[in-house]
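> First the structure, which I've put down as structure tokens, then a few questions once you've had a look.
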Amino acid sequence: MKKTLITTVAVAVLATAVAAGGPSDEARAATGQPRGNAARPGVVLSASPTSLVANELPCLPTTLAVTLTNIGPEPVFADATMAAEAPIVLTDTVFSTYLPATDPDQPVSRDVGVRVPRGTAPGTYDITLASGRQRVVVPLTVEGVPEPGPETNLAYGQQATASSTHGNFRVCGAVDGDSDYRNWSTRTGWNDATRGTFPDWLAVTWPEPVELGRIETVTYGTPTRPAALQGVKDFDVQVRSGGEWLTVGTYRDNTLDRIVTTFDPITTDSIRVVVHASNSGDYSRILEIEAFAPR
């Protein structure tokens, strides 16, 4: 099976500086730590990567790793704040942690999600990290969404929702462009959270209507445990038109890992796969759902 894997974050050299200031004296006293800024002579704040690139597609958020490292001789508390230039949204704005004194130094990190709201103008937006007097600025370059070509997967990166999602998975994993079964263990794809209970559904929604003529559903299967053993078995493929769900494909006793549904052109703002049974009898597993304009 051909793999299309797109990553949005690369490893980069850390931006570092030494921080001053810190948690309250009361917080230190509660755990027997020294009071005052003298307790934090060597806390280093860093960010990785040192710059980010993203666009407004809601299921393609990027991530910034914020790290605090104690390079001093005593354990300390440390805090970092994170702020983004509007309209960029961060999943966290404060990072507080206890930092042990170890040799070698032991960094403590927090992954912070970075989301670009729809309608954000292309350009550069600053994400500012602070700890005491230290500042680390990470520039975020927002790019426009490329115009789709004739064979562009229109579901890629769009808003995905589901009836439920297993805690080890992300619903956005079903629209991340990766349909390779070998990456299932990295939590690409979607797995529902209601073991043995059906139906389940997975949907993709666009902010504006699109014209479609083909939907491809990729269920999970491997050479040793094919889709006939653990893929979706009975399911319907539907599109929403005029506020109503229209079924464009009905499948029963499926054993294939990629199911192609073609239909006359339909203008829609949402599609979904409704699973009534799986070959394993426990979960609904979909690696990817793809949507294409009419040929």
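> Step by step: first the residues of segment 104-125, then only those that are in a strand (DSSP E or B) and over 21 Å from the mean Cα position of the chain (by Cα), then the one that is surrounded by the most Cβ atoms within 10 Å (Cβ to Cβ). Which residue is that?
Going through the qualifying residues, I end up with Val108.
> Could you grab me the full set of residues in segment 166-219 that are of a type in the set (A, V, I, L, M) and over 20 Å from Thr261 (Cα atoms)? It would help to see each step written out before you state the result.
Residues of segment 166-219 that are of a type in the set (A, V, I, L, M), as a first pass: 171, 174-175, 193, 202-204, 210, 212, 215, 218.
Those that are of a type in the set (A, V, I, L, M) and over 20 Å from Thr261 (Cα atoms): Val171, Ala193.
> Among the residues of segment 164-177, is any in a loop (DSSP other than H, G, I, E, B), aromatic (Phe, Trp, Tyr) and either touching a helix residue (DSSP H, G or I) at 6+ places or on another chain (Cβ under 8 Å) or exposed (fewer than 15 other Cβ atoms within 10 Å of the Cβ) (or both)?
The answer is no; no qualifying residue exists.
> Kindly indicate whether any position in segment 239-257 is crowded, with 22+ Cβ neighbours inside 10 Å, under 23 Å from the mean Cα position of the chain (by Cα) and assigned by TED's automatic domain parsing to the domain that holds Thr186.
No, segment 239-257 has no match at all.
> Sticking with this one: Cβ-Cβ distance below 6 Å, separation of 6 or more or different chains: which pairs start in segment 234-246 with a residue that is touching a residue at least 24 places away in the same chain (Cβ under 8 Å) and in a strand (DSSP E or B) and end on one that is surrounded by fewer than 19 Cβ atoms within 10 Å (Cβ to Cβ) and of a type in the set (S, T, N, Q)?
Pairs found: Asp236/Thr247; Asp236/Thr250; Gln238/Thr247; Arg240/Ser270.
> Go through segment 132-153 residue by residue and tally those that are among the aliphatic types (A, V, I, L, M) and surrounded by fewer than 18 Cβ atoms within 10 Å (Cβ to Cβ).
Number of matching residues: 2.
> Okay, moving on. So Arg187 fits all but one of (1) at pLDDT below 95; (2) farther than 20 Å from Ala162 by Cβ; (3) not hydroxyl-bearing (Ser, Thr, Tyr); what number is the exception?
Answer for Arg187: the failing condition is (2).
> While we're here: Residues being part of a loop (DSSP other than H, G, I, E, B), more than 23 Å from the chain's Cα centre (by Cα) and in contact (Cβ under 8 Å) with a residue 24 or more places away in the chain: count how many of those fall in segment 196-230.
So the answer is 5.
> List every residue pair whose Cβ atoms sit under 9 Å apart, with the two residues 6 or more apart in sequence or on different chains, where the first one lies in segment 118-146 and is touching a residue at least 40 places away in the same chain (Cβ under 8 Å) and the second, anywhere, is in a loop (DSSP other than H, G, I, E, B) and hydroxyl-bearing (Ser, Thr, Tyr).
Going by the 9 Å Cβ cut-off, the qualifying pairs are Val136/Thr50; Val138/Thr50; Val138/Ser51; Pro139/Thr50; Pro139/Ser51; Leu140/Ser51; Thr141/Ser51; Val142/Thr120.
> Consider segment 51-75. How many of its residues are of a type in the set (Val, Ile, Thr), over 25 Å from Ala174 (Cβ atoms) and at pLDDT 95 or above? It would help to see each step written out before you state the result.
Filtering segment 51-75 for residues of a type in the set (Val, Ile, Thr) gives 53, 62-63, 66-67, 69, 71.
The next check asks that each one be over 25 Å from Ala174 (Cβ atoms); those that pass are 66-67, 69, 71.
With the extra rule that they be at pLDDT 95 or above, the set shrinks to 66-67, 69.
Residues meeting the conditions: 3.
> Next up: If I filter segment 118-134 for residues that are of a type in the set (D, E, K, R) and within 30 Å of Glu290 (Cα to Cα), do I get at least one hit?
yes
> State which residue is surrounded by the fewest Cβ atoms within 10 Å (Cβ to Cβ) when the search covers only segment 181-191 and only residues that are farther than 17 Å from Val232 by Cβ and under 17 Å from the mean Cα position of the chain (by Cα).
Ser185
> So Glu151 fits all but one of (1) assigned by TED's automatic domain parsing to the domain that holds Thr267; (2) among the acidic types (Asp, Glu); (3) more than 30 Å from Leu64 (Cβ to Cβ); what number is the exception?
Glu151 satisfies all of (1) assigned by TED's automatic domain parsing to the domain that holds Thr267; (2) among the acidic types (Asp, Glu); (3) more than 30 Å from Leu64 (Cβ to Cβ) except (1).
The values are calculated or read from the model by the stated rules, or taken from the named source; none is laboratory data. For clarity, every value in this text was computed on a predicted model and none was experimentally measured. Please note: Cβ atoms are built from the backbone with ideal geometry, for glycine as well, and neighbour counts cover all protein chains shown.
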